[in-house]
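Peer 1: I have a structure here, written as structure tokens, and I will follow up with some questions on it.
The values are calculated or read from the model by the stated rules, or taken from the named source; none is laboratory data. This one's a predicted model, so the numbers in the text were calculated from it and none came from an experiment. Counting neighbours? That spans all protein chains shown, and the Cβs are built from the backbone with ideal geometry, glycine included.
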Amino acid sequence: MFKSMTAYGRAVHSAPLGRFVAEIQSVNRKHLEVNTFLPPVLLKFDAEIKRWVAEQVGRGQVNLKISASFDQFSPLSVLPNLPLLRQYHQAWAAMRHELKNEGGEEAFWSLLDAKEIFIHEQQEVDEEQCRRLLRAVVSEALVHLTQMKEREGKLLYEDISARFARLPALIQQIAVKAPGAAARFRQRLMDRISELMGASTETDERILREVGLYAEKIDIEEELTRLDAHLKQVEELMHRRSGAVGKVLEFLLQEMGREVNTLSSKAADVDVSQYAIEIKSELEKIREQIQNIE
């Protein structure tokens, strides 16, 4: 079963500790890349969360965002920065005295920056409770992500299967032409040599041997055999029930593309070249689709 690399999943979990929301999105990448966006109180779990994702996702760029709100616990403690506040107050009193300013305390407080006069310290959260809630919400988000991957993967499977199904008939057409391609090329070459040398002149035995050797070099039977072997491997992959198949299919497509390019250049036959172009067109369309398979 194919899985698309493009998908989205979301989950919400509530517990006495608080409420966690996980949103996970995946897009195309050649390898697995997991990016997490966590509130400061959850940063200690970053490596674990990435490991949970890697257990479920084979490849692609995965972005996971988790937000947390706590009902009976504050992740921060707020303390006054008393030494700094005293200095501000002393400076303010000196200014009022120097300028004969009769302004009250209200003016003093309006000038203060809350970020400076308060100290925020991170509070320790119950680690085990937090881990259980995190695992639950991330797991559910991954389930939803996987479900979407499989739905999209089914559509990809149908399209790719249909395109691969067209290839054997095209390859068979080339196979029908292949046995006579070398002979036809040999005859065309001999006719051209005779034309250049004159009909009354005997063709040199060395030239005949070279023509024969060249005709053998343009034989495409080996390429056809390898193409057939690659198609059998593709068929096995298409029926695989589990595991990532995208990378293997990409490799097989590359190999099939090389074989088609080789036989197209060797055949020196218009019909063979035309069928080869059709095969390359289908392979390119399949390659575009495979870019999105996990």
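Peer 1: Give the residues of segment 263-282 that are in a helix (DSSP H, G or I), in contact with a helix residue (DSSP H, G or I) (Cβ under 6 Å, 6 or more places away or on another chain) and touching a residue at least 40 places away in the same chain (Cβ under 8 Å), sorted by residue number.
Peer 2: Residues satisfying the conditions are Leu263, Ala267, Asp271, Val272, Tyr275, Ala276, Glu278, Ile279, Glu282.
Peer 1: Can you confirm whether segment 72-88 contains a residue that is modelled with pLDDT of 85 or more and either assigned to a strand (DSSP E or B) or of a type in the set (A, V, I, L, M) (or both)?
Peer 2: no
Peer 1: Which count do you get for residues in segment 37-53 that are under 29 Å from Val248 (Cβ atoms) and surrounded by 13 or more Cβ atoms within 10 Å (Cβ to Cβ)?
Peer 2: Within segment 37-53, residues that are under 29 Å from Val248 (Cβ atoms) and surrounded by 13 or more Cβ atoms within 10 Å (Cβ to Cβ) number 4.
Peer 1: Just give me the residues in segment 12-36 being closer than 23 Å to Glu150 by Cα, of a type outside the set (S, T, N, Q) and buried (at least 20 other Cβ atoms within 10 Å of the Cβ), in sequence order.
Peer 2: Answer for segment 12-36, where residues must be closer than 23 Å to Glu150 by Cα, of a type outside the set (S, T, N, Q) and buried (at least 20 other Cβ atoms within 10 Å of the Cβ): Ala22, Ile24.
To keep it simple, each residue is scored yes or no on (1) within 21 Å of Val137 (Cβ to Cβ); (2) under 18 Å from the mean Cα position of the chain (by Cα); (3) modelled with pLDDT under 95.
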site: Arg19; (1), (2), (3): yes, no, yes
site: Asn28; (1), (2), (3): no, yes, yes
site: Asn63; (1), (2), (3): yes, yes, no
site: Ile66; (1), (2), (3): yes, no, no
site: Trp92; (1), (2), (3): no, no, yes
